[in-house]
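What follows draws every value from the coordinates through simple rules; no lab data is involved. None of the values given here were measured: they were computed from a predicted structure. Because the Cβ atoms are built from the backbone with ideal geometry, glycine has one as well, and the counts that use them run over all protein chains shown.
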Amino acid sequence: MNEQNNILAFNSAISSLSSRYHKILDMLDDIYKKQISEIRFRCNKPISVTICNNSYFLKSDGTLTENHTECDITTSRDDIDDIFKVLCDYSVYAFQHEIINGFITIKGGHRAGICGTAVIHRGEITNIRDITSINLRIARQIYGASDYIVNNLIKDDAQSLLIVGAPSTGKTTIIRDLARNLSSGSVGRYYKICIIDERKEIASEYRGVIQNDFGPCCDVLSGYPKAIGIEIATRSLSPNIIICDEIGSDNEATALKGSVNAGIKIIATVHAGSKTELMKKTGIVPLIKAGVFDKIIFLNKSDNPCVIDKITEAGVLFD
Amino acid sequence: MIKILGIIFITIAFIGVGFLLCERYKKRMVELSCYLDFLNKIETEMRYTNAEIGRIIEFVISNDDKSNFALNMRENHTSKNIIEKWQEFSVLGKNKSILTENDKQLFLNFSEFIGKTDLEGQLKSFTILKEKVRANLSHATDDYKNKGNMYRQLFMFGGIGLSIIFI
């Protein structure tokens, strides 16, 4: 089932590309389609795809090669502009906030990272022009990715969890599956879940429809800044658990503390490759010290996503 | 008897041609008025919802039963995206439409700026385009009032005059 879902996710991601690249990528064998996690377009360079953290290059006949000199297609400057326009659904204004943060979330929850030249006005980035590369990350819902956590940490009672991992270790995939598991009553009760989905990456809301499976008891605040979303959820939605991705700012920390003090459990993720890196996060360490999280889950940077390295009590992190 | 019927027929035919010519001016006026209305709705939706342009246009034209271009857009599904669809409509509509070349250029202008800048830029472009459409609408209204009436009366009196000559 997961393999079929992976292929569907790949097909959904490439459907947002211009027709030329859609045709070439669609020719790829299903074996690759289900494994590809990223598609990278760079100006005047071959198209590369990432499979298990290794880069491969796309040929015009829809095959992959390990050697970039064997590639017969490159992405031109105009192609990059076309891809960008199509990804934006011909509506740059609608994605302006996301663009200045360096990404666009497209239909299906896939995220396109954007590299270009920053336009600065009064010290703030107001736009990105002359786009030089686009990295399309394929969002996947892996059923069962959180089963170990649910069966071992949440079976008896909900806990606040901080999931720590380097990029592409499966943090978002795990919290997506946690939301589904807990909202579907798979632990013996239906938890009221509220997802704060600032970048529309967790729930993949598109035109008012949540595109991932989150069970019957899940509410999604889509596009809300995390700090505001957490406050609104706490005040008006009375959730058992709030789930959010990539926390770190002071505002978010304050909002999270407020929710925990209101008796709500938190499941959040943070970018860090190890305990040492985590301890350097000035926005996170005070939260852990304040007892916002019960357990810290470290993910392994391996070829496969969603592999747990270790689980520690939040309190013992400072011993 | 045949002579009288012929005279009546000529008179009615002339009056009909006059009304048809007058109607062309009226249709142009109505079409431009609908376009202005359409631009206002798109601008409002864009400001209020910040949704993607395809979604906004689909919503606006689905609720528009008056204008030709809305009807044309709903029926024209040959192109993939809404901007291509709009451009195709603007080009294909040239032979059939009652709009002038300048009016058609205003329709094309919409696809030239839409979706390409931030919200502030979009709203400014809307203001400029609406000004141009208003100017054309004003000309179209004057044409309808002056030339439309003139053609109608000219052909009516022409028909009557011709009948009198035949008699």
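Both radii come from the Cα set of chain A: Rg as radius of gyration, Rh as Kirkwood radius; their ratio Rg/Rh reads 0.98.
Mean separation of Cα pairs under 8 Å and 6 or more residues apart, divided by the residue count, gives segment A:162-319 a relative contact order of 29 percent. Put in line by how crowded their Cβ is, counting other Cβ atoms within 10 Å and starting with the fewest, A:S238, B:S67 read A:S238, B:S67. With semi-axes defined as the square roots of five times the eigenvalues of the C-alpha gyration tensor, the equivalent ellipsoid of segment A:147-205 measures 20, 15, 9 Å, largest first. Cα to Cα, under 17 Å, and not fewer than 8 places away if on the same chain: which aspartates and glutamates meet these conditions relative to A:K33? Once the sequence-local aspartates and glutamates are set aside, what remains near A:K33 is A:E3, A:D61, A:E66, A:D303. Taking chain B as a Gaussian network of alpha-carbon nodes connected by springs under 10 Å, the highest mean-square fluctuation of the residues B:I83, B:I128, B:I61 belongs to B:I128.
Taking 10 °C and 1.306 mPa s as conditions, segment A:34-95 diffuses translationally at an estimated 126 µm²/s according to Stokes-Einstein applied to its Kirkwood radius (Cα pairs). Per residue of B:44-54, other chain Cβ atoms within 10 Å of the residue Cβ number 3 on average. Mean partner shielding of peptide A:80-89, defined as the number of other chain Cβ atoms within 10 Å of each residue Cβ, is 2.
Taking the three principal axes of the alpha carbon atoms in segment B:1-51, the coordinate ranges are 69, 12, 8 Å, sorted in descending order.
Per residue of B:117-130, other chain Cβ atoms within 10 Å of the residue Cβ number 2 on average. Here the scattering of segment A:102-161 is modelled by Debye summation over its C-alpha atoms, one equal scatterer each and no solvent; at q = 0.18 Å⁻¹ the log10 of I(q)/I(0) is -0.75.
Per-peptide packing, taken as the mean over residues of other Cβ atoms within 10 Å, places A:21-31, A:2-12, A:92-102 in the sequence A:92-102, A:2-12, A:21-31 from highest down. Take the alpha carbon gyration tensor of segment A:21-167, find the square roots of its eigenvalues, order them as a ≥ b ≥ c, and report rounded if a/c is under 1.5; if not, report prolate when a/b exceeds b/c, else oblate. In terms of gyration-tensor shape, oblate. With contacts taken as Cα pairs under 8 Å and at least 6 residues apart, segment A:110-224 reaches a relative contact order of 21 percent. Dimensions of segment A:200-275 along the principal axes, based on C-alpha atoms and rounded to the nearest Å, stand at 34, 32, 19, largest first.
Full extension of the chain segment joining A:N53 with A:K310 gains 90.4 nm, where the gain is 0.36 nm per residue of separation less the Cα-Cα distance.
Placing one identical point scatterer on every Cα of segment B:1-149 and ignoring solvent, what is log10 I(q)/I(0) from the Debye formula at q = 0.12 Å⁻¹? Taken in order of the listed q values, log10 I(q)/I(0) reads -0.56. When the pairs A:K192/A:K281; A:K85/B:K66; A:K200/B:K124; A:K257/A:K301; A:K171/A:K257; B:K66/B:K130 are compared against a 25 Å limit on Cα-Cα distance, A:K192/A:K281; A:K85/B:K66; A:K200/B:K124; A:K257/A:K301 fall above it.
Hydrodynamic analysis of segment A:188-319 uses the Kirkwood radius over alpha carbon pairs. Inserted into Stokes-Einstein at 4 °C and 1.567 mPa s, it gives a translational diffusion coefficient of 83 µm²/s. Each of B:T100, A:T234 has some number of other Cβ atoms within 10 Å of its Cβ, and from fewest to most they run B:T100, A:T234.
Only Cα pairs under 8 Å and 6+ residues apart enter the sum, and on that basis the relative contact order of chain A stands at 14 percent. Take the Cα of A:Q159, step 7 Å toward its Cβ, do the same at A:D61, and the gap between the two points is 5.4 nm.
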